[in-house]
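Note sheet for the following structure.
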Amino acid sequence: MIVGKKRTRSKLKKFHLYYGGAIGAVLLFAFTILVILSMSGGGVVLLSTPGDISTCQELDAPGTYYLTEDIIENSTDYSNCFNITAEGVILDGNGHSINRTELTGNAAIKISADDVEIRDINITGGYDFGIDINEDGSSYHISDISIHDVIIRNPGINGIRAFQIISSEINSEVYSPVGSGIYINDAEEVELDSTAWHSIQANGMELIDFNNGEIGSGFFNMDNGATAFHSNKKSGIHIENSENNIIYGSFSNNNLVSDSEHSGLTIKDSSNLLIGGDGSIFYEHTGSSIKLIDSENISLPYLLIVPADVSSYGLKVTNSCKGLSLGYLGLLFSSVDICIFTQITHFLFTNFSYGFWTNPLLMLVVNICHYLCQRIRP
């Protein structure tokens, strides 16, 4: 009998050894699933896997995702192709494109987390927004967004739209948007080195409450008409309620609607802006090349300005002469092919506007009068 009991105990031990571990693992797995479901409110939580991808999906785990082929969505849902909800995500397009067969999508790429990089990708249509960052009215500022070598064509509204964004950089090209090519509202320390062409109804860039940043592009080729901000319906750049920015680049043929507020570069209700630098050019804008409205402490150290015609202003200033500083302005008049450089500093006039005429002598007389008024002002 004693021998039988030993055999029974031996069988029980083997059962525990062989099956006890497996049962324990199953119970642990089941418990983990219950915890996850409880934390997610009952929905299934699946983490994405970094590596090669070829379909639209949520990117909810940090890592690098490589697009292996073009994506053409047939969906008619108003949805996003990629939802990026995790920090530390890199989406590398490898030169591939994202497209929808019809203009039914919200955003090709929606970013809702910090520390995200988008690079080397083409967005060729079918979405209201090429890249959409954060939400309007969000109490949280998204930071450390990097967008490089991204080309966006034919967005239904904006190529890039961003709210509440800080410490980020955007290097992109946007072509033929219905709205502004790039729209940013509430930004701090953002660097924009981008191009925006042919907005059908709005501005190349529209920047509201954009502070302590750098804006523009050095891309210009006079021979083929290639510029950074070109042929937009309204302003090449419209910047409003902003301060402490550097703006430079090449602007050509903007303000096609020829209204009173828009120009190659329009600055409104803003202060402490530095405009221009070596290579900055404003070429053939209708109405005004540069327009300053209700702004102060604006500095234009070096610019080449070529107005569209004799009735167009090179620079038009309205209620913006406080702290206005003009350095060397090269004014190239196509009718007489003359380049004139003048130096005028610190205008103190108010509600003053003037234009650059094709008559260089008249322009020089006006500049001398401005200088003398400054010297004799008590």
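The set of residues in segment 161-175 being buried (at least 20 other Cβ atoms within 10 Å of the Cβ) and at positive phi consists of Gln164 alone. Filtering segment 229-259 to residues that are part of a loop (DSSP other than H, G, I, E, B) and either among the aromatic types (Phe, Trp, Tyr) or surrounded by 24 or more Cβ atoms within 10 Å (Cβ to Cβ) (or both) leaves Asn232, Ser235, Gly236, Ser242, Gly249, Asn254, Asn255.
Say whether the condition of being hydroxyl-bearing (Ser, Thr, Tyr), touching a residue at least 12 places away in the same chain (Cβ under 8 Å) and under 25 Å from Asn232 (Cα atoms) is met by at least one residue in segment 129-138. Among the residues of segment 129-138, not one is hydroxyl-bearing (Ser, Thr, Tyr), touching a residue at least 12 places away in the same chain (Cβ under 8 Å) and under 25 Å from Asn232 (Cα atoms), which makes the answer no.
The residues of segment 273-292 that are of a type in the set (Ser, Thr, Tyr) and in contact with a Leu (Cβ under 6 Å, 6 or more places away or on another chain) amount to a single one, Ser280. Among the conditions (1) at negative phi; (2) part of a strand (DSSP E or B), the only one that Asp149 does not satisfy is (1). Of all the residues in segment 70-95, those that are in a strand (DSSP E or B) and over 20 Å from the mean Cα position of the chain (by Cα) number 3.
A short reminder: the numbers here are calculations on the coordinates, not readings from a lab. Just so we're clear, the structure is a prediction, and the values are computed from it rather than from any experiment. Using ideal geometry, Cβ is built from the backbone for each residue, glycine included, and neighbour counts are taken over all protein chains shown.
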